[in-house]
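Chemist: Please see the structure below; I have some questions.
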């Protein structure tokens, strides 16, 4: 059950950010769906791309992890240029 708390939402007293990290480590969903602060454009970053390691995903801001490029494109996101 989810409950609101000062720092965010918790499920069984585990912060959501830790739940997301645990889900990522158990799956191959390592494509980062990032929303550009400047343009609002939805861009996905693949492992090995230039800025992949610098990109941080904030689900609370609508950003996502994807399991495939097809999934990211179907959701309306485009691949990062670098």
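The values are calculated or read from the model by the stated rules, or taken from the named source; none is laboratory data. Everything numeric in this text was worked out from a predicted model, so none of it was measured. With ideal geometry, Cβ positions are generated from the backbone for all residues, glycine too; neighbour counts draw on all protein chains shown.
Chemist: How do the strands (runs of 3 or more DSSP E) wholly within the stretch 2-54 filter down when requiring 2 or more residues that are at pLDDT 50 or above, within 24 Å of residue 76 (Cβ to Cβ) and within 11 Å of the chain's Cα centre (by Cα): which remain? Before the answer, list the steps.
Modeler: Numbers: elements: 2-5, 8-11, 31-35, 42-45.
Hits in the stretch 2-54: 31-35, 42-45.
Chemist: Can you name the number of the only condition in (1) at pLDDT below 80; (2) in contact with a helix residue (DSSP H, G or I) (Cβ under 9 Å, 6 or more places away or on another chain) that residue 78 fails?
Modeler: Going through (1) at pLDDT below 80; (2) in contact with a helix residue (DSSP H, G or I) (Cβ under 9 Å, 6 or more places away or on another chain) one by one, residue 78 breaks only (1).
Chemist: For the stretch 58-79, enumerate the residues that are assigned to a helix (DSSP H, G or I) and within 10 Å of residue 44 (Cα to Cα).
Modeler: Passing the criteria: 69, 72, 73.
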